[in-house]
1. Taking region 144-161 on its own, how many of its residues are touching a helix residue (DSSP H, G or I) at 6+ places or on another chain (Cβ under 7 Å), among the aliphatic types (A, V, I, L, M) and either away from the ligand (no atom under 14 Å from the Cβ) or not in a helix (DSSP H, G or I) (or both)?
2. If you go through region 184-206 one residue at a time, do you hit one that is in contact (Cβ under 8 Å) with a residue 40 or more places away in the chain, within 25 Å of ALA61 (Cα to Cα) and under 17 Å from the mean Cα position of the chain (by Cα)?
3. Does any residue in region 59-75 that is within 18 Å of THR10 (Cα to Cα) come within less than 7 Å, Cβ to Cβ, of a residue that is within 8 Å of the ligand (Cβ to nearest atom) and part of a loop (DSSP other than H, G, I, E, B) six or more places away or on a different chain, and which pairs are these?
4. Mind checking which pairs have a first residue in region 9-28 that is among the small types (Gly, Ala, Ser) and a second that is within 7 Å of the ligand (Cβ to nearest atom) and not in a helix (DSSP H, G or I), Cβ under 6 Å, 6 or more apart or different chains?
5. Of all residues in region 102-128 being hydrophobic (A, V, I, L, M, F, W, C) and over 13 Å from ASN81 (Cα atoms), which is surrounded by the most Cβ atoms within 10 Å (Cβ to Cβ)?
6. May I ask you to say which residue of VAL217, VAL227 is at pLDDT 95 or above and in a loop (DSSP other than H, G, I, E, B)?
7. If you check ALA16, ALA31, which single one turns out to be small (Gly, Ala, Ser) and within 16 Å of the ligand (Cβ to nearest atom)?
Amino acid sequence: MSAFSLEGRTALVTGANTGIGQAIAVGLAGAGAEVIAAGRRDCAETLALMGRGRSLQLDFADPMAARDVFASERIDILVNNAGIIRRADAVDFTEADWDAVMDVNLKALFFTCQAFARAALPRGSGKIVNIASLLSFQGGIRVPSYTASKHGVAGLTRLMANEWAGAGLNVNAIAPGYIETNNTEALRADPDRSRAILDRIPAGRWGRPEDIAQTAVFLSAPASDYVNGAILNVDGGWLAR
Ligand SMILES: NC(=O)c1ccc[n+]([C@@H]2O[C@H](COP(=O)([O-])OP(=O)(O)OC[C@H]3O[C@@H](n4cnc5c(N)ncnc54)[C@H](OP(=O)(O)O)[C@@H]3O)[C@@H](O)[C@H]2O)c1
């Protein structure tokens with residue numbers, strides 16, 4: 001079997017109803033995985049695109065929402081993709097916008113990884129793929145809780161890799177560049193910001209969700225068995241510049 005095949009594996013993808021999460025679900029299914037598309041809303045479109053798989057209601061308004069998901073059935077791959085962003089000047093930023101983003105992007109991600117690891121560690125195998133950001137490395141502008149959360153995702157990815165790599169669990173992250181999704185709609189709608197971003201991307205185009213999906217397949221497959229604690233930039237060269 002190909003080192004990139006996911007035949008016989010079950011994967012759970014959070015935030016799988018749209019954008020990058022949807023593309024990852026479709027990509028993993030295309031590589032042979034049985035995919036559980038998790039979302040706070042209906043994932044019918046994703047199921048239709050995959051042609052198989054199932055959906056699961058998971059709303060990280062409760063960051064512990066996934067605590068019981070991994071105890072009842074074997075899930076080999078976890079992709080923590082669900083994430084939100086709130087924009088305001090740092091000087092005006094509210095506690096509500098801080099807490100909302102940190103809960104979904106960081107607290108829910110950690111405790112979902114913990115629940116997965118409690119089931120996967122005794123089996124001696126498992127793959128976690130976290131979705132980080134360019135703002136795991138850069139400061140950004142007007143997105144303080146997003147930047148804090150994504151720096152946290154990078155740090156926790158390394159911490160969990162340190163603790164679990166020796167037990168056969170791979171923990172890695174993908175740092176997407178500027179990808180055409182709901183998350184970047186406000187940026188793309190602003191002609192000045194949009195042009196400034198495009199001018200800085202060596203690849204000369206915005207990323208597409210499918211650009212992230214195949215990297216997720218790699219980090220979910222046997223091909224990446226010796227990759228631990230990596231944060232893979234998929235950004236058209238943005239961070240190289
Ligand atoms: N687009 C980019 O350029 C870019 C760059 C770097 C990193 N990222 C990261 O990539 C990930 C996916 O974002 P995207 O660009 O695909 O944006 P998106 O289209 O807005 O997707 C975000 C996903 O997270 C889900 N979500 C939000 N709050 C949730 C909650 N409380 N419980 C469960 N799910 C929730 C959303 O569900 P709803 O549809 O119900 O809101 C949606 O499925 C995020 O972690 C984001 O930070 C994106």
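1. 1
2. Among the residues of region 184-206, not one is in contact (Cβ under 8 Å) with a residue 40 or more places away in the chain, within 25 Å of ALA61 (Cα to Cα) and under 17 Å from the mean Cα position of the chain (by Cα), which makes the answer no.
3. Close Cβ pairs (under 7 Å, with a partner that is within 8 Å of the ligand (Cβ to nearest atom) and part of a loop (DSSP other than H, G, I, E, B)) amount to ALA66/LEU58.
4. From region 9-28, the pairs are GLY15/ASN81; GLY15/ALA82; ALA16/GLY39; GLY19/THR181; GLY21/GLY15; GLY21/ASN81; ALA25/ALA16.
5. This residue is PHE116.
6. Values: VAL217 fails: in a loop (DSSP other than H, G, I, E, B).
The unique qualifying residue is VAL227.
7. On the way: ALA31 fails: within 16 Å of the ligand (Cβ to nearest atom).
Result of the check over ALA16, ALA31: ALA16.
Residues are listed down the side, and each one gets a yes or a no for (1) part of a loop (DSSP other than H, G, I, E, B); (2) within 19 Å of ALA230 (Cβ to Cβ):
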{"site": "GLU163", "(1), (2)": "no, yes"}
{"site": "ASN170", "(1), (2)": "no, yes"}
{"site": "ALA173", "(1), (2)": "no, yes"}
{"site": "ALA186", "(1), (2)": "no, no"}
{"site": "ILE197", "(1), (2)": "no, no"}
{"site": "GLY204", "(1), (2)": "yes, no"}
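The values are calculated or read from the model by the stated rules, or taken from the named source; none is laboratory data. All values derive from a computational prediction rather than experimental measurement. Note: ideal-geometry Cβ built from the backbone for every residue, glycine included; neighbour counts use all protein chains shown.
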